[in-house]
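Below you'll find the structure, written out as structure tokens, and then a few comments.
Values in this text are rule-based calculations from the coordinates and carry no lab data. Note that the coordinates shown come from a computational prediction; the quantities given were computed from them, not determined experimentally. Because the Cβ atoms are built from the backbone with ideal geometry, glycine has one as well, and the counts that use them run over all protein chains shown.
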């Protein structure tokens, strides 16, 4: 037995279920976020460092890195709700 769209909608209301169209939209949004994160991970410059590790690589302390980021002297990449410093920035600064 196959249900009609109206019957499905009625069941969603009666059982207080999230509508199928809304669930599909949420899934599509999640997939788009995952694809964006995968693009960051898979790009050539895929090494990302937190502030502490970047500071060690640069031979400075974490506060110096934080201040440089605030002054826009070091570019960052947002990933997973955090800021990361890409390898290209480490290389750029070390070449100065």
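Structural remarks
- Region 3-96 - Rg (one decimal) and Dmax (whole number), Cα, Å: 22.0, 68
- In nm, spacing of pseudo-spin labels at residue 10 and residue 77 (7 Å Cα→C-beta vector): 5.3 nm
- Residues in region 62-96 reached by a label modelled at residue 52 [backbone nitrogen below 11 Å; 7 Å Cα→Cβ]: 62
- Full extension of the segment from residue 3 to residue 95, taken as 0.36 nm per residue of separation minus the current Cα-Cα distance, would add 26.5 nm.
- Helix 5-14 axis, angle to the chain major axis (alpha carbon atoms, nearest 10°): 80 degrees
- Between 0 and 90 degrees, the angle of helix 20-42 with respect to the longest Cα principal axis of the chain falls at about 20 degrees.
- Convex hull per residue volume in Å³, alpha carbons only, for region 48-94: 63 Å³
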